[in-house]
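The values are calculated or read from the model by the stated rules, or taken from the named source; none is laboratory data. Note that the structure is predicted; figures quoted are calculated from it, not measured. All Cβ positions, even for glycine, are placed from backbone atoms using ideal geometry, and neighbour counts span all protein chains on display. The protein model used for the area step is the full one, side chains on, heavy atoms only, and it has no ligands, DNA or RNA in it. Shrake-Rupley method; radii C 1.70, N 1.55, O 1.52, S 1.80 Å.
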Amino acid sequence: MIKSYFLVAFRNLIKNKFFSFVNIFGLSLSLSVCLLVIIMIHDQNSFDLFHPKSDDVYRLNTIAIRKTGGTEPYASSPYLLGPTLQSENRSVVDVVRLVKGLSGQLSSQGEKIALSGYFTESSFFNVFGFELAVGDPTRALQDPSGIILSDEFSRKVFGSESAYGRSIIIENIGTFQVMGILKPTPGKTHLEFDALGSVLALPALEKNRDKRESITDRWTNHYRTYTYVLLQPGSSIENISQNLDEIPKQVYGNLELESRDAGYRFEAQALSAITPGPHFSQSIGRGLPLVLLIFLSVLTGIGMFAAIFNYVNLTLSRSLTRAREIGIRKVNGATRRQIFFQFIGESIVISMMAFVMSELILRSILIPGFESLKFTRELDLSLNIPPTLYFYFFLFVLLTGFLAGCIPAGVLSSFKTMAILKDASKIKVFSRMTYRKLILFFQFGFTFVLLIVLTMIYKQTEYSMKLDYYGFSWDRVINVTLQGQSPEIVAAEMSSHPDVANYSFASHLMGTWEDSDVDIQTNLDKEAFQIRDYSVDERFLSNMKVDLISGKNFENGSGIKDEIIVNQMFLERFDIPKDQALGKTVYIDKKRPVVIIGVTKDFVFKPLTYSLEPLVLQYNPSQWSILQIRLHGENFDPAIKCFEAKWKSLEPTKPMKFQIYSFTLQDTYAEIRDMTRIIGFLAALVFSISILGLLGIATYTTETRAKEIGLRKIMGAKHGTLVVLLSKQYFAIVFAAAILFVPLSFLLVDALLSFFAFHIDSGVGLVLPAVITIFSMIVLTVGLQAYRAAIRNPVESLRYE
């Protein structure tokens, strides 16, 4: 029985080559994208699976409650939270804290190597599944000067030699002795580090730091510590939720909080829910955000349903050609169930053939294309296909074939035997509003939405790339990272090049996500506000061409730390009259008085997603990390070669780090460009499938109406009249889809544009490309098929009448 199903399926595929190609190619396009998303989902769900106690491990997160009414979730938490929770709840078996700060440069064989790690405690090896290849896990972190290196970092620094027992010096932190070497990580994890130091080293390190940066005795610093708890087997979040709700009430009652915060609360998050998971500030790891994974899955699902719709559409449209076959099988004793599964079998055969083609598309086009995207590299997204994943591929293909065949199989198997054999042409498969029309309606509706959204993202990206909205001059500027070198010495060497027009120093790059902030008060008894803050020199305003509308610039000399320059919005935020701004004293971080000496014109110094904000410019040479060199001409290569030679003479152990400012600003929107490519591909996918389906339906319609067309031509019908007759229903369907889905697209576009403080206007310009593209393709597909049918010799279609 099954053999006969497959034989009939193959015979029909060969007999109807064009329709078979449309179905197989459309399904293969969608399957290839779906398989890619399955690979991504499988990869992202492989994080932290190697920990033996992962089901009982939870991370404690902080939810900051803003005075404005909103909240911001943080993956980090106060250093004191873990032990406090453990002392109050017996369900907590163990606590491990990872503290940021073990990072810097260390020297090895004349080269300086960057190290990034955490301070932690011996419970780390009880909570997580990391293992030492060399060293004792119970003793390795008991010494304040002990350090554990990852296998990869150990080889990077010491090569094939054993690092155990060796000493390393980390700049600005101290000397450490290697007490252990980790085994290679057996799987993906959100805990990425080069080294682990002991938290016992923190008290000594904090003696040399500002009291506000200390964490070991402060509940108000929740930015540097990541707290994980191991619960009793079988326990759940509910076992500790009440304690987490009570702790903020106990500790924050009399504490002075950050100026923007009204309070804090704590929540537990399962280890398995971290990656993929919701977005948190201070997140660690490079996993794909859950919202992006869902977004890609939804768009892929639209493409998959479009292909399935095509199959249903074409199969039902050609149903009458199979009517007599069904009638004869029923006369010979076939049941409706047998006929149903015959058509399901045909659908699965087509899905399997589409799967073979999708494999080629996946490996030759999609995977290389995705691997070239910046977000794939930054998120450590592995697109390798493990053999075990083919089992899920197979199940998915079977499910696709079954879903695609269900409606046609149900409809065709329901045909009445006598009606079929008497006159199959009178069978009514559809009502006036047919499945076919409804499917085409939704296909092109989704296509309108995707193309309009794609147009919006493309135009918004182009708007960003023009960079015209910035109020500072970024053209012909090269940013050189100082890497700890003296700003004056580096500038003196590099400014001697004849093509250098000007230079300046800054703590952060404006127009990027980099920034810092300070608390500002006009009086010590008034509320403080967090204000964006940059440290610059006296050349900055002229070099970056920022307009100073009143007051004076910084001067190169002592005492400058007590002076600031602000923008106009700063004055508005603190209700300072313009004529009283100069000489006004305000307070930074609730203790340091500074005087406003100048006011700049408002300008955009953050990416597009930010609105105009108050700004503070300070003169603090210790914060300068970037040398910004402006050139006379557009040819950067000669100057860069000279700068690299100058840098090598100053710092032979480190290569010069630099970037042309315009490229830096463009890289700020790299993720937007990546999403444009992804959405563009998916829009092209859905559009191609829709056009293929429409082409198949139009071809079939003209074939089945060939005799009618022949008779109309004999009766005197003109070519134009016949073309309109054959194509008007399809134009009507697409026009109806435009009427409904274009307004819906505008709602979606407005929602997306609301994320940008500076954005393009939504209007007709976003709709026209989609409308012109879709209707042009309909003219080329439906109109061409209708024209071919109209000019055909009627004798050919009426020869046997």
#### Entry: Matching entry among 153, 176, 130 (being in a loop (DSSP other than H, G, I, E, B), touching a residue at least 24 places away in the same chain (Cβ under 8 Å) and either surrounded by 13 or more Cβ atoms within 10 Å (Cβ to Cβ) or touching a Lys or Arg at 6+ places or on another chain (Cβ under 8 Å) (or both))
130
### Query
Can you pull out the residues in the range 371-415 that are among the charged types (D, E, K, R) and either assigned to a helix (DSSP H, G or I) or open to solvent by less than 50 Å² (accessible area, probe 1.4 Å) (or both)?
371, 374, 377, 378
### Query
Only one of 500, 490 is surrounded by 20 or more Cβ atoms within 10 Å (Cβ to Cβ) and touching a strand residue (DSSP E or B) at 6+ places or on another chain (Cβ under 8 Å); which?
490
#### Entry: Residue that is surrounded by the fewest Cβ atoms within 10 Å (Cβ to Cβ) [pool: residues in the range 43-69 that are among the acidic types (Asp, Glu) and farther than 30 Å from residue 263 by Cβ]
55
### Query
Using beta carbons and a limit of 9 Å, which pairs, at least six apart or on different chains, have the first residue in the range 472-487 and free of Cβ contacts under 8 Å to residues at least 24 places away in the same chain and within 25 Å of residue 633 (Cβ to Cβ) and the second one aromatic (Phe, Trp, Tyr) and assigned to a strand (DSSP E or B)?
none
## Note on the structure
Checked the range 262-281 for anything surrounded by fewer than 18 Cβ atoms within 10 Å (Cβ to Cβ) and not hydrophobic (A, V, I, L, M, F, W, C); matches are 263, 265, 267, 272, 278, 279, 281
### Query
Could you list, in sequence order, the residues of the range 135-150 that are buried (at least 17 other Cβ atoms within 10 Å of the Cβ) and free of Cβ contacts under 8 Å to residues at least 40 places away in the same chain?
none
### Message
When you check residue 171 against the structure, is it within 36 Å of the chain's Cα centre (by Cα), surrounded by fewer than 17 Cβ atoms within 10 Å (Cβ to Cβ) and closer than 16 Å to residue 101 by Cβ, yes or no?
### Response
yes
#### Entry: Cross-chain or 6+ apart pairs with Cβ under 9 Å, the range 640-654 first and under 14 Å from residue 500 (Cβ atoms), then of a type in the set (Ser, Thr, Tyr) and outside any helix (DSSP H, G or I)
642/496; 646/496
### Single residue of the range 562-574 satisfying the filter (under 27 Å from residue 758 (Cβ atoms) and without any contact (Cβ under 8 Å) to a residue 40 or more places away in the chain) that is most open to solvent (accessible area, probe 1.4 Å)
568
### Message
Just the residues that are of a type in the set (Gly, Ala, Ser) and either farther than 19 Å from residue 586 by Cβ or at pLDDT below 90 (or both), please, taken from the range 512-540.
### Response
516, 528
### Filter pass, residue 196 being under 18 Å from residue 133 (Cα atoms) and touching a residue at least 60 places away in the same chain (Cβ under 8 Å)
yes
### Query
Residues in the range 197-213: is at least one in a loop (DSSP other than H, G, I, E, B), farther than 30 Å from residue 43 by Cα and either open to solvent by less than 70 Å² (accessible area, probe 1.4 Å) or among the hydroxyl-bearing types (Ser, Thr, Tyr) (or both)?
yes
### Search result, residues across the range 766-794 that are modelled with pLDDT of 80 or more, more than 18 Å from residue 688 (Cβ to Cβ) and open to solvent by less than 40 Å² (accessible area, probe 1.4 Å)
766, 767
